[in-house]
Amino acid sequence: MLNKENVIEVLKDVIYFPKGDNIIALNMVENLMVNEAEIRFDLIVEHRDDPKNEILVNAANRTLKGVFGEVNVDIKVKEAETALSKVKHIIAVASGKGGVGKSTVAANLAIALARANQRVALVDADIYGPSVPMMFGVDEQPACFERDGKTVMMPIEKYGIKLLSIGFFVDTDRPLIWRGPMATSALNQLMNDTLWGEIDWMVVDMPPGTGDIQLTLAQQYDVTGTVIVTTPQQVAFADVLRAAMMFREEALQIPIYGLVENMAYFTPSDQPEKKYYIFGKETGKRFAEQLGVPLLGQIPIVEKIAECGDHGTPLALDAESPVTKAFDAIAQAVINH
């Protein structure tokens with residue numbers, strides 16, 4: 001007999017093998033409608049473009065017709081709503097080595113994107129050395145609550161940006177002695193167990209190097225592109241090359257938006273028109289040409305940039321700073337990419 005209850009029972013024979021259970025038990029069937037001539041429902045999948053979806057649709061179709069005969073079966077494939085469903089772009093800010101000001105670039109890029117009327121989130125994925133709590137002057141924990149049997153977090157909002165960092169949950173004065181799987185699990189919780197809402201740009205401050213966190217982000221999340229940070233020294237660029245090669249690996253294939261040269265020159269606060277190229281002129285341009293990517297911008301050394309970061313007020317908040325103008329141009333290049 002063709003009715004809703006019997007259709008549900010029959011669909012329990014349709015197995016989604018990647019998760020080892022049937023599509024009813026996995027809550028993959030929604031909006032089921034049954035009448036004497038038609039069975040109609042939505043099949044909820046993780047990724048709309050996954051080739052396994054067609055196999056699953058064919059299996060459901062064949063199973064239903066095998067029991068109910070030549071009934072019309074209408075199955076619509078829909079992507080499951082996740083924490084990141086309403087995030088339009090994920091951009092990773094990466095560097096080959098530590099100490100090049102990657103977190104400063106990530107924080108100020110997020111501010112600049114917000115200044116450009118974008119809805120912005122900043123995720124501190126530098127699990128072993130989180131900087132966002134200090135750079136934004138945040139010392140409280142995000143609110144957590146139960147939703148559908150799972151604990152979820154609300155990001156902290158400051159300067160119009162939604163923030164989340166492992167540093168909100170641990171003592172940042174003590175080192176995190178975690179193996180790789182623990183660090184990647186922490187990243188996945190930050191990304192997936194948070195109510196992000198509508199976001200135009202999610203800026204992810206990556207740890208330096210080419211380790212587990214980078215691979216997890218690249219392989220498990222739909223990263224739109226990456227911005228790579230370097231300083232003008234050749235030793236920094238040697239590590240940048242390795243980072244760029246990782247993002248260009250065939251298994252990852254993440255676009256590199258361009259290179260940001262941090263500490264490109266020194267500008268005195270009382271003479272903002274002056275530029276002293278301490279580490280050499282045109283270095284960032286030459287590095288970008290070697291990588292085959294655009295030079296998105298050159299960030300000067302100014303006295304206030306470190307001071308503002310240490311006091312929780314990123315310098316890009318100051319509309320008159322030459323640093324702000326540089327980050328505004330980088331943000332616009334990212335938006336227009």
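The values are calculated or read from the model by the stated rules, or taken from the named source; none is laboratory data. These numbers were taken from a predicted model, which means no experiment stands behind them. Every residue, glycine among them, receives a Cβ derived from its backbone with ideal geometry; neighbour counts consider all protein chains shown.
Considering GLU261, GLU273, GLU249, which residue is buried (at least 21 other Cβ atoms within 10 Å of the Cβ), among the acidic types (Asp, Glu) and assigned by TED's automatic domain parsing to the domain that holds GLN332?
After ruling out the rest, the residue left standing is GLU261.
Looking at ASN6, is it in a loop (DSSP other than H, G, I, E, B) and either modelled with pLDDT under 95 or more than 30 Å from GLN298 (Cα to Cα) (or both)?
Judged against the criteria, ASN6 is not a match.
Of the conditions (1) assigned to a helix (DSSP H, G or I); (2) farther than 27 Å from ALA83 by Cβ; (3) touching a strand residue (DSSP E or B) at 6+ places or on another chain (Cβ under 7 Å), ARG40 fails just one. Which one is it?
(1)
Taking the stretch 116-131 as the region of interest, how many residues are under 16 Å from ILE199 (Cβ atoms) and touching a residue at least 60 places away in the same chain (Cβ under 8 Å)?
9
Listed residues ASN117, ASN31, ASN35, ASN108; which is assigned by TED's automatic domain parsing to the domain that holds ASP205 and loosely packed, with under 15 Cβ neighbours inside 10 Å?
Step by step, each of ASN117, ASN31, ASN35, ASN108 is checked, and only ASN117 is assigned by TED's automatic domain parsing to the domain that holds ASP205 and loosely packed, with under 15 Cβ neighbours inside 10 Å.
Show the residue pairs meeting these rules: Cβ distance below 9 Å; 6+ apart or different chains; first residue within the stretch 319-337 and more than 19 Å from GLY225 (Cβ to Cβ); second residue in a helix (DSSP H, G or I) and β-branched (Val, Ile, Thr).
Short answer, once both residue conditions are applied: SER321/ILE305; VAL323/ILE305; THR324/ILE111.
Anything in the stretch 80-99 that is modelled with pLDDT of 85 or more, surrounded by fewer than 21 Cβ atoms within 10 Å (Cβ to Cβ) and not aliphatic (A, V, I, L, M)? List them, or say none.
SER85, LYS86, LYS88, HIS89
Quick one: which residue in LYS12, LYS102, LYS65 is surrounded by fewer than 18 Cβ atoms within 10 Å (Cβ to Cβ) and touching a residue at least 12 places away in the same chain (Cβ under 8 Å)?
Going through LYS12, LYS102, LYS65 in turn, the sole match is LYS12.
Return yes or no: is GLY280 surrounded by fewer than 20 Cβ atoms within 10 Å (Cβ to Cβ), in contact with a Phe, Trp or Tyr (Cβ under 7 Å, 6 or more places away or on another chain) and either over 21 Å from LEU113 (Cα atoms) or modelled with pLDDT under 90 (or both)?
In short, no.
How about the stretch 286-337: which of its residues are β-branched (Val, Ile, Thr) and assigned to a helix (DSSP H, G or I)?
Across the stretch 286-337, the qualifying residues are ILE305, VAL323, THR324, ILE330, VAL334, ILE335.
Within the bounds of the stretch 223-230, is there any residue that is in the same structural domain as ILE156 (by TED's automatic domain parsing) and under 21 Å from GLY167 (Cα atoms)?
First, pick out the residues of the stretch 223-230 that are in the same structural domain as ILE156 (by TED's automatic domain parsing): 223-230.
Checking which are under 21 Å from GLY167 (Cα atoms) leaves us with none.
Taking every residue of the stretch 223-230 in turn, none turns out to be in the same structural domain as ILE156 (by TED's automatic domain parsing) and under 21 Å from GLY167 (Cα atoms).
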